[in-house]
Amino acid sequence: MSDLHHAARAVQTVHMGAGAALSQQLLWHAHVADKYVKRLHRLHPAWGDGSLRAAALAHLKHHGPLKQPPDYCLSMAVVLTALARRRGKFTLT
């Protein structure tokens, strides 16, 4: 849950129209960092240990306060949708 929480908080730093793209970017960063850690046995310099939490915290570190009113549930839904799409479990018909 911590990974999802931090990803939702990161999504709240951008305008909602950019939330889906940021979610996909965070998932990609976590994936790349995970491969980096497994191959080199050390943390990725920008995205940490390969967790979604680490990727989200890296984003939060470089972005200021929330750019939109905090709608945590909507931000969480954006993250969960991106995760489902990445796993191939969600399609819009």
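Across the chain, Cα pairs under 8 Å and at least six residues apart give a relative contact order of 41 percent. The loop-placed trypsin sites (Lys or Arg not before Pro) in region 1-84, going by DSSP, that have at most 13 neighbouring Cβ atoms within 10 Å of their Cβ come out as 42, 67. The per residue volume of the convex hull around the alpha-carbon atoms of region 19-67 is 57 Å³.
For the chain, what does the accessible surface come to per residue with a 1.4 Å probe? Please give it in Å². If you can, show how the numbers build up before the last one.
Details: 5850 Å² over 93 residues.
On a per-residue basis, 63 Å².
Solvent-accessible surface (1.4 Å probe) assigned to residue 32 amounts to roughly 40 Å². Within the set [x] 22, 17, 9; [y] 27, 18, 9; [z] 24, 23, 16, the number that semi-axes √(5λ) of the Cα gyration tensor in Å takes when calculated for this structure is listed as [x].
Remark: accessible surface ordering of 16, 76 (largest first) is 16, 76, probe radius 1.4 Å. Here the 3J(HN,Hα) profile of region 27-34, calculated from phi with Karplus coefficients 6.51, -1.76 and 1.60 at θ = phi - 60°, is 5, 5, 4, 5, 4, 4, 5, 4 Hz, Gly and Pro shown as x.
Calculated [222 nm] ellipticity per residue, helices only, for the chain: -20500 deg cm²/dmol; basis is -39500 (n - 2.57) per DSSP H run with n ≥ 4, divided by all residues, nearest 500. Of the solvent-accessible surface of the chain, computed with a 1.4 Å probe and all protein chains present, 61% belongs to carbon and sulfur.
The values are calculated or read from the model by the stated rules, or taken from the named source; none is laboratory data. Predicted model, so just to flag it, every value in this text is computed and none were measured. Glycine gets a Cβ as well: all are built from the backbone with ideal geometry, and neighbour counts include every protein chain shown. All accessible areas refer to the heavy atoms of the entire protein, side chains included, with ligands and DNA or RNA removed. Shrake-Rupley method; radii C 1.70, N 1.55, O 1.52, S 1.80 Å.
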